[in-house]
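Working notes, structure below.
The values are calculated or read from the model by the stated rules, or taken from the named source; none is laboratory data. Keep in mind the model is a prediction, meaning the values are calculated, not measured. Neighbour counts are summed over all protein chains in view; Cβ atoms, including those assigned to glycine, are modelled from backbone coordinates with ideal geometry.
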Amino acid sequence: MASGTVVQKIIDAHFVEGEKTIGKPVAIRIDQTLTQDATGTMAYLELEAMNVPSVKTELSVSYVDHNMMQNGPENRNDHMYLQSVAAAKGVRFSPPGNGICHQVHLERFGVPGKTLIGSDSHTPTGGGIGMLAIGAGGLDVALAMAGKPFRIPYPKIIGVKLTGELAPWCAAKDVILKLLSILTTKGNVGSIVEYFGSGVATLTVPQRATITNMGAELGVTCSVFPSDESTRIFLRAQNREKDFIALTADADAQYDQVIEIKLDEIEPLAACPSSPDNIKTVGELAGKKVAQVLIGSCTNSSYRDLAMVAMTLKNRKVCDSVTLSIAPGSRQVLEMLARNGMLADIIAAGARILETGCGPCIGQGQSPADDTVSVRTFNRNFAGRTGTKGDQAYLVSPESAVAIALKGEFVDPRTIGIEYPKVVEPEIFEINDNMIVIPGDVPGEIVRKRTIGAPPVNGALPDELAGVVVIKVGDKITTDHIMPAGIHLKHRSNIPVYSKVVFECFSEPGKPTFAERAAAVRDSGKAGIIVARDSYGQGSSREHAAICPMFLGVKVVAALAIERIHSANLVNFGIVPLIFADPATYDQIEENDALVFHNLREQLEPGKTVKGELVKANGQKQEILFNHRLSAGDIRIILAGGMLNL
């Protein structure tokens with residue numbers, strides 16, 4: 001087992017209980033939490049349901065950065081609720097326009113050595129400043145705000161040794177894309193990535209944050225950089241040097257696995273449709289026509305990224321066949337670009353300036369045209385995530401993106417004949433926290449408009465469970481597949497409405513939807529069952545991918561593998577996550593088959609195999625065996641029908 005690592009030091013400093021053996025559950029104390037509006041409304045409704053008068057953390061921040069379009073009253077209803085409940089519960093509030101939660105938190109609140117969980121899967125961005133920052137479902141965040149410890153499997157620690165230094169036009173984004181080409185998006189559940197080696201010192205905190213941000217796509221719990229002189233420089237520039245502590249691995253630190261990446265051998269890379277681990281070099285794609293370029297998101301919208309883009313665009317014009325849109329990650333970044341003239345250079349080149357928010361990264365606007373290529377500096381390119389069915393979305397660095405925008409086609413930025421801009425990070429950033437609402441500044445009661453419901457209540461797990469396979473899906477089913485975002489995000493605080501679009505992507509014209517079929521099974525007195533292959537539930541932390549199926553009567557998800565955050569969300573809402581003991585069993589099950597579990601409550605014991613009975617339409621019966629990774633605590637939650645029932 002690994003020893004002397006940064007990860008272990010942070011876990012040890014926050015350890016509450018458990019067994020420090022890889023895969024065994026441990027509980028850690030949480031210092032900070034963050035929420036965003038798409039997941040935060042439900043998290044605070046859950047906190048209210050716990051009757052917690054005030055948060056117990058050192059710091060909790062509620063951000064509004066997702067549902068900014070306000071098509072209809074639903075989004076603003078949520079924002080008003082979030083601001084009023086934050087004031088009531090002792091939470092700081094970052095309103096629309098202040099920036100993306102991960103970017104703002106890194107700039108203004110991140111502290112090396114602290115623990116952070118957030119109701120957004122890209123919370124690991126905080127690892128760039130030396131935090132143990134973990135994405136989680138909203139209910140887990142609510143529990144942390146209530147003072148409860150957070151449970152994770154004691155991690156396998158993957159050490160990534162960085163040596164050398166990035167060459168001009170090669171970027172931090174290319175480093176994480178390289179790691180994705182090695183580890184892929186599957187098979188890394190329960191691991192944490194820790195970066196070390198001489199190359200670490202050559203990377204700034206924003207560059208490190210780009211790498212830890214997209215670590216979420218690996219499926220790992222989080223990713224962590226040490227806290228060193230680069231961290232001190234960043235905090236000093238943010239007028240927060242008092243928050244600095246040095247935190248590095250011991251000289252003789254041991255890792256469970258080591259991967260070496262030579263930064264001077266990194267070249268511009270692209271994640272091709274429709275997975276972040278489908279990696280090619282940008283050079284391999286040279287000549288492919290591009291219609292849209294988008295630069296921003298929590299991955300690549302720092303001052304350094306956008307200053308580089310501005311300097312490259314100065315006195316140049318975006319290709320006529322391309323639309324270029326840019327979304328700064330925070331108001332701080334936007335204000336600095338405006339004050340030093342770089343924003344004018346970006347505008348003069350023909351770029352469109354979007355709000356400081358998530359926007360097109362989550363399918364909120366800027367959907368590409370049919371049969372066209374969209375190049376994005378974002379973190380995910382799952383099929384349909386852009387809002388266009390059959391989309392062709394590629395993920396690249398800002399360096400590659402700006403070169404492509406000028407050329408109108410894929411081009412290796414090293415070949416465009418432009419000298420790589422030397423961005424000088426400011427010694428002091430523009431500091432303006434006047435939009436952050438301190439708890440207690442907003443008087444009055446909690447505002448709860450008509451579109452905001454309450455968390456649905458599940459029933460206790462029955463001992464005899466008669467189920468029906470409502471849907472059978474394949475590999476790498478993401479939370480976007482389960483619960484679509486985009487135009488549907490505004491319904492996240494209204495579960496009966498949002499539940500109507502569960503698995504909408506698999507709907508066929510003229511046939512009942514998944515929601516209709518699941519509700520019919522529920523109303524017949526039986527349980528709904530979802531069957532999947534490998535890596536089920538990857539992607540976003542959205543707990544609605546568990547809440548809405550639960551509302552529709554789903555009691556069991558059976559798969560070859562289930563991703564960490566989604567598995568935890570299933571447990572929190574009383575759905576049993578089971579793993580096929582024999583992968584071949586998956587092929588023997590069909591939609592509408594019956595699956596019966598006898599003495600299920602007794603069968604659910606740590607490490608015990610669960611037996612089910614598959615009943616085919618012709619009456620043929622077959623025993624099916626399942627494994628699970630449930631701890632005694634998980635089982636207690638499931639038996640009660642979910643955490644809120646406890």
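Give me the pairs: first residue in region 316-339 and farther than 20 Å from PRO95 by Cβ, second residue among the charged types (D, E, K, R) and not in a helix (DSSP H, G or I), beta-carbon distance under 8 Å, and six or more apart or on different chains, which are they?
Between residues of region 316-339 that are farther than 20 Å from PRO95 by Cβ and residues that are among the charged types (D, E, K, R) and not in a helix (DSSP H, G or I), the close pairs are SER321/LYS289; THR323/ARG352; LEU324/ARG352; SER325/ARG352; ILE326/ARG352; ARG339/GLU430.
Yes/no per residue for (1) over 27 Å from the mean Cα position of the chain (by Cα); (2) part of a loop (DSSP other than H, G, I, E, B); (3) not aliphatic (A, V, I, L, M):
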| residue | (1), (2), (3) |
| --- | --- |
| SER230 | no, no, yes |
| LEU235 | no, no, no |
| LYS242 | yes, no, yes |
| ALA249 | no, yes, no |
| ASP252 | yes, yes, yes |
| ILE261 | no, no, no |
| ASP264 | yes, no, yes |
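Can you tell me which residues in region 275-284 are part of a strand (DSSP E or B) and either surrounded by 19 or more Cβ atoms within 10 Å (Cβ to Cβ) or more than 27 Å from the chain's Cα centre (by Cα) (or both)? If you could, list the steps in order and put the result at the bottom.
So the first thing to find is which residues in region 275-284 are part of a strand (DSSP E or B), and the list is 279-281.
Correct list: ILE279 only.
Given the structure, is ARG380 within 19 Å of CYS101 (Cα to Cα) and either surrounded by fewer than 24 Cβ atoms within 10 Å (Cβ to Cβ) or not assigned by TED's automatic domain parsing to the domain that holds VAL175 (or both)? I'd like the intermediate steps shown before the answer.
On the way: within 19 Å of CYS101 (Cα to Cα): yes; either surrounded by fewer than 24 Cβ atoms within 10 Å (Cβ to Cβ) or not assigned by TED's automatic domain parsing to the domain that holds VAL175 (or both): yes.
When the stated conditions are applied, ARG380 passes them.
Give the number of residues within region 403-456 that are at pLDDT 95 or above, exposed (fewer than 12 other Cβ atoms within 10 Å of the Cβ) and under 30 Å from GLN70 (Cβ atoms).
Residues that pass the stated criteria total 0.
Could you pull out the residue among SER400, SER374 that is surrounded by 23 or more Cβ atoms within 10 Å (Cβ to Cβ), in a strand (DSSP E or B) and either at pLDDT 95 or above or under 20 Å from the mean Cα position of the chain (by Cα) (or both)?
Details: SER400 fails: in a strand (DSSP E or B).
Going through SER400, SER374 in turn, the sole match is SER374.
Matching residues to (1) more than 29 Å from ALA43 (Cβ to Cβ); (2) within 32 Å of the chain's Cα centre (by Cα); (3) not assigned by TED's automatic domain parsing to the domain that holds VAL470:
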{"position": "ALA584", "(1), (2), (3)": "yes, yes, no"}
{"position": "GLU590", "(1), (2), (3)": "yes, yes, no"}
{"position": "LEU595", "(1), (2), (3)": "yes, no, no"}
{"position": "LEU600", "(1), (2), (3)": "yes, no, no"}
{"position": "GLN603", "(1), (2), (3)": "yes, no, no"}
{"position": "LYS621", "(1), (2), (3)": "yes, no, no"}
{"position": "PHE626", "(1), (2), (3)": "yes, yes, no"}
{"position": "ARG629", "(1), (2), (3)": "no, yes, no"}
{"position": "ASP634", "(1), (2), (3)": "no, yes, no"}
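For ALA617, work out the one condition from (1) modelled with pLDDT under 95; (2) of a type in the set (A, V, I, L, M, F, W, C); (3) outside any loop (DSSP other than H, G, I, E, B) it doesn't fulfil.
(3)
Can you find even one residue in region 166-181 that is without any contact (Cβ under 8 Å) to a residue 60 or more places away in the chain and either crowded, with 24+ Cβ neighbours inside 10 Å or touching a Phe, Trp or Tyr at 6+ places or on another chain (Cβ under 9 Å) (or both)? Write out each step before concluding.
So the first thing to find is which residues in region 166-181 are without any contact (Cβ under 8 Å) to a residue 60 or more places away in the chain, and the list is 176.
From the residues that got through so far, the ones that are either crowded, with 24+ Cβ neighbours inside 10 Å or touching a Phe, Trp or Tyr at 6+ places or on another chain (Cβ under 9 Å) (or both) too are 176.
For region 166-181, residues without any contact (Cβ under 8 Å) to a residue 60 or more places away in the chain and either crowded, with 24+ Cβ neighbours inside 10 Å or touching a Phe, Trp or Tyr at 6+ places or on another chain (Cβ under 9 Å) (or both): present.
Working only within region 562-613, note down all residues that are crowded, with 21+ Cβ neighbours inside 10 Å and of a type in the set (Gly, Ala, Ser).
Answer for region 562-613, where residues must be crowded, with 21+ Cβ neighbours inside 10 Å and of a type in the set (Gly, Ala, Ser): SER567, ALA568, GLY574, GLY612.
Just checking, does region 39-46 include any residue being buried (at least 16 other Cβ atoms within 10 Å of the Cβ), of a type in the set (Phe, Trp, Tyr) and either touching a Pro at 6+ places or on another chain (Cβ under 6 Å) or touching a residue at least 60 places away in the same chain (Cβ under 8 Å) (or both)? Full working, then the answer.
First, pick out the residues of region 39-46 that are buried (at least 16 other Cβ atoms within 10 Å of the Cβ): 39-46.
With of a type in the set (Phe, Trp, Tyr) added as a condition, the list becomes 44.
From the residues that got through so far, the ones that are either touching a Pro at 6+ places or on another chain (Cβ under 6 Å) or touching a residue at least 60 places away in the same chain (Cβ under 8 Å) (or both) too are 44.
Yes, the conditions are met somewhere in region 39-46.
Need the failing condition index for THR231 against (1) surrounded by fewer than 24 Cβ atoms within 10 Å (Cβ to Cβ); (2) in contact with a Gly (Cβ under 8 Å, 6 or more places away or on another chain); (3) not assigned by TED's automatic domain parsing to the domain that holds PRO368; (4) not hydrophobic (A, V, I, L, M, F, W, C), just the number.
All conditions pass for THR231, except number (1).
Out of all the residues in region 285-306, which are surrounded by fewer than 23 Cβ atoms within 10 Å (Cβ to Cβ), of a type in the set (Gly, Ala, Ser) and more than 18 Å from ASN381 (Cα to Cα)?
Listed by number, the residues that qualify are ALA286, GLY287.
Can you find a residue that is within 20 Å of VAL470 (Cβ to Cβ), of a type in the set (Ser, Thr, Tyr) and surrounded by 24 or more Cβ atoms within 10 Å (Cβ to Cβ) anywhere in region 538-549?
Among the residues of region 538-549, not one is within 20 Å of VAL470 (Cβ to Cβ), of a type in the set (Ser, Thr, Tyr) and surrounded by 24 or more Cβ atoms within 10 Å (Cβ to Cβ), which makes the answer no.
Do we have ALA2 as more than 30 Å from GLY357 (Cα to Cα), touching a helix residue (DSSP H, G or I) at 6+ places or on another chain (Cβ under 7 Å) and surrounded by fewer than 24 Cβ atoms within 10 Å (Cβ to Cβ) here?
On the way: more than 30 Å from GLY357 (Cα to Cα): yes; touching a helix residue (DSSP H, G or I) at 6+ places or on another chain (Cβ under 7 Å): yes; surrounded by fewer than 24 Cβ atoms within 10 Å (Cβ to Cβ): yes.
So ALA2 fits the description; yes.
Would you confirm, using the coordinates I've provided, whether GLY287 is closer than 27 Å to GLN70 by Cβ, part of a loop (DSSP other than H, G, I, E, B) and in contact (Cβ under 8 Å) with a residue 60 or more places away in the chain?
Details: closer than 27 Å to GLN70 by Cβ: no; part of a loop (DSSP other than H, G, I, E, B): yes; in contact (Cβ under 8 Å) with a residue 60 or more places away in the chain: yes.
The answer is no for GLY287.
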